[in-house]
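Scroll down for the structure; my scribbles are underneath it.
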Number of protein chains: 2
Amino acid sequence: MSDVAIGVDVGGTKSLALLVARDGRVLGERVEATPHEPANAPGHATAATVEKLVRALCEPLGLRPDALPVGLGLAGMVRRDGRLAFAPNLPGASGAEVGTLLGVALGSSLVVVENDANCAARAEHAWGAARGVANFVMVTLGTGIGGGVVSNGSLMRGQSGFAGEIGHMVVAAHGAPCPCGGRGCWERYASGGGLRRLALEAISEGRLADLAESVGDVADLRAEDVVTRARAGDAEALSLMAEMGWWLARGVANLSAILDCGHFLVGGGLGAASELFLPSTRTALVHLVEGYHARAEITVTPSLFGPRSGALGAALVALERLT
Amino acid sequence: MSDVAIGVDVGGTKSLALLVARDGRVLGERVEATPHEPANAPGHATAATVEKLVRALCEPLGLRPDALPVGLGLAGMVRRDGRLAFAPNLPGASGAEVGTLLGVALGSSLVVVENDANCAARAEHAWGAARGVANFVMVTLGTGIGGGVVSNGSLMRGQSGFAGEIGHMVVAAHGAPCPCGGRGCWERYASGGGLRRLALEAISEGRLADLAESVGDVADLRAEDVVTRARAGDAEALSLMAEMGWWLARGVANLSAILDCGHFLVGGGLGAASELFLPSTRTALVHLVEGYHARAEITVTPSLFGPRSGALGAALVALERLT
């Protein structure tokens with residue numbers, strides 16, 4: 001029985017690997033850019049990147065990569081059997097057996113695959129901001145929006161394991177095109193990718209001129225650039241963060257109507273900038289939630305582990321299922 | 001222990017009362033228009049209407065109205081303690097103690113209150129189209145859209161009992177105003193009220209001229225008028241039914257993303273016309289559900305009891321909780 005495991009969160013932009021002890025302590029950390037998959041060998045580039053991360057964590061400590069439980073959190077629809085069925089934010093990896101490929105590469109049978117936001121929910125529930133909370137929704141704001149719904153203390157999984165794909169709840173029918181093939185998905189408005197899209201839209205309308213100038217080619221604009229300018233006090237950037245906060249509330253209000261859940265944790269990369277948008281989210285909720293004043297309080301708060309929840313939770317899932 | 005109960009479904013337009021045996025057989029039926037509540041005595045008019053229905057069912061059979069379990073299904077947010085917290089489609093009844101008022105009027109302590117769509121879900125689960133189905137969503141298409149989510153064989157209730165308020169999931173941010181105070185709620189596009197609104201919109205754009213002429217004052221237009229003309233083969237009315245079917249799919253796709261639920265039952269008054277819109281719903285789902293082809297089949301089928309599910313289920317809830 002291993003007392004440590006590796007958790008890897010493969011997001012749309014970055015892949016983060018953590019070496020984690022059974023009590024949640026982080027013993028090591030590595031990060032790589034998530035690779036683009038060539039069309040002819042789906043999953044191989046991702047598996048190779050994860051293999052590299054795992055070996056890099058093991059080597060300095062003399063750990064054997066084939067003897068350590070590894071949990072993979074993938075940004076997409078992960079079947080109960082671990083297969084990545086569909087992943088709009090990991091282009092080319094849809095349908096890939098990333099877990100199997102990694103197991104072969106490491107010579108290990110100790111690999112488990114789960115949805116990245118489900119992992120984040122597990123970590124926050126076990127060790128983080130949702131300790132002792134039986135009902136909450138984990139909302140990860142990264143390239144897209146991931147979701148993990150905890151109901152009566154357990155992760156809601158659905159018939160195939162795909163429950164919690166909240167980023168592809170459409171909030172604006174006929175709205176902005178989404179990599180999933182749909183239009184108007186929540187994540188086109190309230191994730192890192194959504195913030196970038198809102199910024200490009202604003203720039204095309206002549207707003208955010210200072211930001212546009214600072215990045216040069218707007219194609220290179222990242223969500224982080226908006227956050228940086230907002231933190232520096234740029235009024236237009238602050239206003240855009242508030243706009244994104246409104247859209248976050250729009251989806252939270254929908255989930256409140258459907259699930260009657262009172263607690264929402266916000267994590268992911270953009271979650272680290274929550275002070276710039278959560279005040280706007282909370283103000284908007286009062287107007288956007290059906291029967292707001294007839295309900296119990298609805299809290300929307302930052303997760304404890306932020307962008308690390310996914311990798312922490314992937315390690316936790318590995319420890320739970322493989323040891 | 002009573003072997004019969006009365007179930008009353010108080011909808012936005014009509015109130016239906018059924019005398020129901022423990023095995024689901026219907027022994028009597030009465031219907032009244034749902035009254036408008038005066039602002040100074042919320043719930044009293046509704047309670048009086050229900051009292052009249054209950055007495056009318058009891059009298060011919062010599063049953064004592066104070067000795068019979070009565071279940072009330074209300075179109076709105078019903079607390080676990082039976083209080084109607086918020087009800088956009090029962091104007092004036094929000095916050096009313098309808099169950100208590102009815103109990104006083106009947107001299108009975110055998111009154112229980114539940115959300116109408118939750119009742120419908122229970123009836124279809126026990127006796128109808130969802131027998132043996134552990135995971136499904138009941139979608140009632142009436143004045144608004146009601147919802148009952150059954151997960152692992154049990155009704156999802158949420159922290160206050162409000163879960164399943166799917167009609168107020170917003171699918172078109174900044175869209176059509178809703179009686180709930182919001183904009184772009186699903187029920188503004190895919191219920192009886194939504195169909196009426198779509199028809200009025202079409203008429204204002206010069207479409208549906210024959211329908212407009214047939215009703216005279218368009219303010220009197222009802223969803224049923226559109227259904228009648230569609231059944232008669234009116235191409236524009238048929239096209240509007242298909243448009244409503246698309247909007248139904250829009251919300252079903254959202255619920256699939258969030259819950260990963262594979263079965264949807266369509267009931268309520270408009271559910272009786274499902275042959276006019278479900279084909280369009282099913283076609284649209286293929287394009288609207290994230291990762292449709294990577295998922296298990298999603299079925300959207302008519303409920304067995306149609307507009308009677310709510311009252312049947314209210315009787316069932318009364319039998320379960322009061323006997």
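Got a number for residues in segment A:68-78 being assigned to a loop (DSSP other than H, G, I, E, B) and modelled with pLDDT of 95 or more? Break it down into steps so the answer makes sense when it comes.
First pass over segment A:68-78, keeping only residues assigned to a loop (DSSP other than H, G, I, E, B): A:68-69, A:75-76.
Pick out the ones that are also modelled with pLDDT of 95 or more and you get A:68-69.
Result for segment A:68-78: 2.
State all residues of segment B:60-96 that are away from every other protein chain (no Cβ under 14 Å) and under 15 Å from residue B:44 (Cβ atoms); if no residue qualifies, say none.
Passing the criteria: B:72, B:92.
Among the residues of segment B:217-232, is there at least one that is away from every other protein chain (no Cβ under 14 Å), out of contact with any His (no Cβ under 9 Å at 6 or more places or on another chain) and within 29 Å of residue A:253 (Cβ to Cβ)? Break it down into steps so the answer makes sense when it comes.
Within segment B:217-232, the subset away from every other protein chain (no Cβ under 14 Å) is B:217-232.
Restricting the remaining residues to those that are out of contact with any His (no Cβ under 9 Å at 6 or more places or on another chain) gives B:217-232.
In the following step, the residues that additionally are within 29 Å of residue A:253 (Cβ to Cβ) were identified as B:223.
Yes.
Within segment B:157-165, can one find any residue that is over 14 Å from residue A:256 (Cβ atoms) and buried (at least 24 other Cβ atoms within 10 Å of the Cβ)?
no
Say whether the condition of being more than 10 Å from chain B (Cβ to nearest Cβ), acidic (Asp, Glu) and more than 30 Å from residue A:55 (Cα to Cα) is met by at least one residue in segment A:171-193.
Yes, the conditions are met somewhere in segment A:171-193.
Could you list, in sequence order, all residues of segment A:267-299 that are under 30 Å from residue B:91 (Cα atoms) and part of a strand (DSSP E or B)?
A:299
So which residues in segment A:192-233 are outside any helix (DSSP H, G or I) and either in contact with a helix residue (DSSP H, G or I) (Cβ under 6 Å, 6 or more places away or on another chain) or hydroxyl-bearing (Ser, Thr, Tyr) (or both), if there are any at all? Walk me through how you get there before you give the answer.
Kept after step one, since they are outside any helix (DSSP H, G or I), are these residues of segment A:192-233: A:205-208, A:216-217, A:221-222, A:232-233.
Result: A:207, A:208, A:221.
For segment B:235-265, which positions are farther than 15 Å from residue B:289 by Cβ and in contact with a Phe, Trp or Tyr (Cβ under 9 Å, 6 or more places away or on another chain)?
Result: B:241, B:242, B:243, B:244, B:265.
Output the number of the condition that residue A:237 fails; it satisfies all remaining conditions of (1) more than 14 Å from every other protein chain (Cβ to nearest Cβ); (2) crowded, with 23+ Cβ neighbours inside 10 Å; (3) within 21 Å of residue A:138 (Cβ to Cβ).
Here residue A:237 clears every test but (3).
Before we move on, is residue B:266 among the aliphatic types (A, V, I, L, M) and in contact with a strand residue (DSSP E or B) (Cβ under 6 Å, 6 or more places away or on another chain)?
Values: among the aliphatic types (A, V, I, L, M): yes; in contact with a strand residue (DSSP E or B) (Cβ under 6 Å, 6 or more places away or on another chain): yes.
So residue B:266 passes the test.
Determine which single condition residue B:153 fails, assuming it passes every other condition in (1) more than 9 Å from every other protein chain (Cβ to nearest Cβ); (2) within 21 Å of residue B:275 (Cβ to Cβ).
(2)
Would you list the strands (runs of 3 or more DSSP E) that sit entirely within segment B:81-155 and hold 3 or more residues that are at pLDDT below 95?
Of the strands (runs of 3 or more DSSP E) lying wholly inside segment B:81-155, those with at least 3 residues that are at pLDDT below 95 span B:84-86.
Taking segment B:274-301 as the region of interest, how many residues are over 12 Å from residue B:248 (Cβ atoms) and not charged (D, E, K, R)?
11
Restricting attention to segment A:1-27, and to residues there that are among the acidic types (Asp, Glu) and not in a strand (DSSP E or B), which single residue is farthest from residue A:53 (Cα to Cα)? Spell out how you get there, then give the answer.
Going residue by residue through segment A:1-27, those that are among the acidic types (Asp, Glu) are A:3, A:9, A:23.
Remaining after also requiring not in a strand (DSSP E or B): A:3, A:23.
Working: A:3: 19, A:23: 22 Å.
Applying the filter and picking the extreme gives A:23.
For the subset of segment B:253-297 comprising residues that are within 11 Å of chain A (Cβ to nearest Cβ) and of a type in the set (Val, Ile, Thr), which member is nearest to residue A:86 (Cα to Cα)?
B:289
Residues checked against (1) in contact with a strand residue (DSSP E or B) (Cβ under 7 Å, 6 or more places away or on another chain); (2) free of Cβ contacts under 8 Å to residues at least 12 places away in the same chain; (3) more than 23 Å from residue A:121 (Cα to Cα):
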| site | (1), (2), (3) |
| --- | --- |
| A:190 | yes, no, no |
| A:244 | no, no, no |
| A:248 | no, no, no |
| A:258 | no, yes, no |
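Table: residues versus (1) without any contact (Cβ under 8 Å) to a residue 12 or more places away in the chain; (2) more than 12 Å from chain B (Cβ to nearest Cβ); (3) farther than 17 Å from residue A:268 by Cα; (4) aromatic (Phe, Trp, Tyr).
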| position | (1), (2), (3), (4) |
| --- | --- |
| A:105 | no, yes, yes, no |
| A:116 | no, yes, no, no |
| A:120 | no, yes, no, no |
| A:130 | no, yes, no, no |
| A:134 | no, no, yes, no |
| A:142 | no, yes, no, no |
| A:145 | no, no, no, no |
| A:149 | no, no, no, no |
| A:162 | no, no, yes, yes |
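Please indicate, with yes or no, whether at least one residue in segment B:96-114 is of a type in the set (Gly, Ala, Ser), closer than 28 Å to residue A:288 by Cβ and not assigned by TED's automatic domain parsing to the domain that holds residue B:272.
Among the residues of segment B:96-114, at least one is of a type in the set (Gly, Ala, Ser), closer than 28 Å to residue A:288 by Cβ and not assigned by TED's automatic domain parsing to the domain that holds residue B:272, which makes the answer yes.
I'm told residue A:200 meets every condition in (1) of a type in the set (A, V, I, L, M, F, W, C); (2) within 29 Å of residue B:182 (Cα to Cα); (3) buried (at least 19 other Cβ atoms within 10 Å of the Cβ); (4) without any contact (Cβ under 8 Å) to a residue 24 or more places away in the chain except one. Can you identify the failing condition by its number?
It is condition (3) that residue A:200 fails.
Checking the structure you have, find out if any residue of segment B:303-322 is under 30 Å from residue B:109 (Cβ atoms), within 20 Å of the chain's Cα centre (by Cα), basic (Lys, Arg) and modelled with pLDDT of 95 or more.
yes
If you go through segment A:61-97 one residue at a time, how many are surrounded by 24 or more Cβ atoms within 10 Å (Cβ to Cβ), in contact (Cβ under 8 Å) with a residue 24 or more places away in the chain, within 17 Å of residue A:8 (Cβ to Cβ) and within 18 Å of the chain's Cα centre (by Cα)?
11
Kindly indicate which of A:285, A:276, A:259 is at pLDDT 95 or above, buried (at least 23 other Cβ atoms within 10 Å of the Cβ) and either under 20 Å from the mean Cα position of the chain (by Cα) or not polar (S, T, N, Q) (or both). Break it down into steps so the answer makes sense when it comes.
Numbers: A:285 fails: buried (at least 23 other Cβ atoms within 10 Å of the Cβ); A:276 fails: buried (at least 23 other Cβ atoms within 10 Å of the Cβ).
After applying the criteria, what remains is A:259.
The values are calculated or read from the model by the stated rules, or taken from the named source; none is laboratory data. Quick caveat, the model's predicted, so the values are computed rather than measured. As a convention, Cβ positions derive from the backbone with ideal geometry for all residues, glycine included, and neighbour counts pool all protein chains shown.
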